[in-house]
Amino acid sequence: MDEISCGVQWAGVIVVRETRTNENANEELTDFLTDCSLPFQDKIHSQHAQKLKEVKHVLKKAGEDPLEGLYMIDAIQRLGIDYHFQEEIETILQRQNMISSACGYNDINNQLYETALRFRLLRQDGYYVSSANGIAHGYKVIIKALFSSYNPPIAPKRIPQATNSDHFSQNSLPSAHKLSIAHDHTLSLPLKHHNYRSKHDANKAIYSLNEYCIYTCTALFKNFKDKERKFKSSLVGDIKGLKGLYEASQLSIEGEDILDEAGEFSRQYLTEWATHLDHQQAILITDTLKNPHHKSLARFTTKNIQTNIQGKNEWINLVQELAQIDSNIVHEIHQKEIHQILKWWKDLGLANELKFARDQPLKWYMWPMACLTDPIMSEQRVELTKPLALLYIIDDIFDICFKALFDITNEICYKVYKKHGWNPMESLKKRWARLCNAFLIEAQWLAHGIFPKTEEYLKNALLSTGVHMVLVHTFFFLGQGITNETVNLLDDVPGIISSTAKILRLWDDLGSAKDENQDGRDGSYLKCFMKEHRGSSIKDTREHIISMILDEWKCLNKECLYSYPFPASFKNVSLNAARMVPLMYNYDDNHRLPSLEEHMKSLLIGGVVTQQNELTIVSQIKAEG
């Protein structure tokens, strides 16, 4: 532990990590699988490598077709195998962004599905495709240039030429953040003519540009509206287009009213269609409404999309075959991790010492399994399950766990320091202290029968959910972008964390069933709201909470779009945590989680699995239920 203590002296060192390439990632995965000693590994590796090579070739070819490339990217992402193709996907989307910029982000054939799909894929990947027509620029480029240094000369970045008076106007931005716009409509970034004293000032410029783009552009989807500014009635029969529009609407950010309208319009008519079509088509529509891709976990919904993939048959079968082989490999990795976690949990002995506390290591493991999807992150998943387990136990009785908390935190700090050269002890101590203080506040409210104001309740709930603590641990496990700046931001509650925490707390408090047999002892936002707003019905309050959840998704979308200086990997973890929430808190009347149990079975049982492992997993699922 002496090495850890000395590590504090290195807290000022800026650690810069490069994102690993597909080639390096595949080599790491192969090495990792070899270490796993998987049954039939030679055959599986050979099949996997061959299919991967074939799909890469087909994807490169499909990317030359403006629409087929989009279809294939969508299929690969929905099947949860996109981590193999990050470079290929990035190349295709860059080309799509340039093509779309040239025509103002309107689809050439003005097809609703293709327009919505292009918008969704580009925005998901971090391109600021405004739901507005005229200025739609790759924000990856802008953000990277803004933060490369404080006052260098920056080459102008081309943006689409303005075509009406609503487009880029220098007077529309705050005076402190004017953009220099040449006569040829090129964009010189603010940094060129303004000496920002901090990255915080540069962040202000980005947010100013964001607000400008949202409120001053003509809607991207305006071509699908009639003269009365309503979506055309002719779209009602375009089921495929409506599904694409609904999926696109899930990436809205605050202020994009047209995407809110698009979501409501498509939801309304898709719901009607589901009552008139045959059973199979109705299931596909219902699944789209219930599990839109952006707000769902790909590996949990893979089985439901096999008949919902668009594209040419020659590559659809190929991609599905790769996904099946990949799924078998991932099954084996997860089973190995479960074995490690169950052994760790048994050796720790807390389950025997704390008979009254929760004993659900598989359920705890589902969080890192869902959030850290890259197979190569096996160690990170196993290690993250440990503080998660303590989070749940401390929620039951936190003073007994301090000894285990101290030991495990020291162990984690040592591993992070050894691997990434940064000692996170101070950050982790702060997180645990604030979490325990938040639990204490809730205990005081309970003991004195206090119902706090909703604002006060949510402020404390941001910490008591444990989301902040878990995501801070995850940030250090990932080891990317660890600098004084990012660590200081994490010491507060940045939006990318607070939105995820609010989504979790509000879902938990909806009260569809009493969580964890606690009989409502911890209070809830629903009860606080009804106490504060006399006369509010349970139905109206639940609708209000659902509306708040949707608003927090918009905030999370916005934070992920401008996630700098946090790395993309951390953004994806935050998104996946929010996506996991409905599965973790959708209790039935028997205090069980049937959807989660079903996903556990489908994800952890199957592929190349020994009978003994399968019996162990099934037994554990039943015990936790």
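The values are calculated or read from the model by the stated rules, or taken from the named source; none is laboratory data. Note that the coordinates shown come from a computational prediction; the quantities given were computed from them, not determined experimentally. Backbone-built Cβ (ideal geometry, glycine too); neighbour counts: all protein chains shown. The accessibility values were calculated without ligands, DNA or RNA, using every heavy atom of the protein model including side chains. Shrake-Rupley method; radii C 1.70, N 1.55, O 1.52, S 1.80 Å.
Among the residues of segment 274-288, those identified as surrounded by fewer than 21 Cβ atoms within 10 Å (Cβ to Cβ), part of a helix (DSSP H, G or I) and either aliphatic (A, V, I, L, M) or at pLDDT 95 or above (or both) are Ala274, Ala282, Ile283, Leu284.
Residues considered: Leu259, Leu251, Leu297, Leu350. Of these, the only one that is open to solvent by less than 20 Å² (accessible area, probe 1.4 Å) and modelled with pLDDT under 90 is Leu350.
If you go through segment 572-589 and keep only what is of a type in the set (S, T, N, Q) and open to solvent by 30 Å² or more (accessible area, probe 1.4 Å), you end up with Asn572, Asn586.
For segment 431-476: of the residues being not charged (D, E, K, R) and not in a helix (DSSP H, G or I), which is nearest to Leu504 (Cα to Cα)? Among them, the one singled out is Thr465. Among the residues of segment 477-494, those identified as touching a helix residue (DSSP H, G or I) at 6+ places or on another chain (Cβ under 8 Å) and not in a loop (DSSP other than H, G, I, E, B) are Phe477, Leu478, Glu485, Thr486, Val487, Leu490, Asp491. Filtering segment 442-463 to residues that are in contact with a Lys or Arg (Cβ under 8 Å, 6 or more places away or on another chain) and in contact (Cβ under 8 Å) with a residue 60 or more places away in the chain leaves Leu446, Phe451, Leu458, Ala461. Please indicate, with yes or no, whether at least one residue in segment 239-248 is modelled with pLDDT of 85 or more, under 16 Å from Leu117 (Cα atoms), touching a Gly at 6+ places or on another chain (Cβ under 9 Å) and surrounded by fewer than 22 Cβ atoms within 10 Å (Cβ to Cβ). No, because not a single residue in segment 239-248 is modelled with pLDDT of 85 or more, under 16 Å from Leu117 (Cα atoms), touching a Gly at 6+ places or on another chain (Cβ under 9 Å) and surrounded by fewer than 22 Cβ atoms within 10 Å (Cβ to Cβ).
Checking the stated criteria, Tyr105 turns out to be modelled with pLDDT under 95, among the aromatic types (Phe, Trp, Tyr), within 28 Å of Cys560 (Cα to Cα) and in contact with a helix residue (DSSP H, G or I) (Cβ under 6 Å, 6 or more places away or on another chain).
Residues in segment 520-546 that are of a type in the set (Ser, Thr, Tyr), modelled with pLDDT of 90 or more and within 30 Å of the chain's Cα centre (by Cα): Tyr525, Thr541. Scanning segment 44-57 for residues that are under 15 Å from Glu87 (Cβ atoms) and in contact (Cβ under 8 Å) with a residue 40 or more places away in the chain yields Leu52, Val55.
Criterion first (part of a helix (DSSP H, G or I) and modelled with pLDDT of 75 or more) does Asn613 satisfy it? Against the criterion (part of a helix (DSSP H, G or I) and modelled with pLDDT of 75 or more), Asn613 does not qualify.
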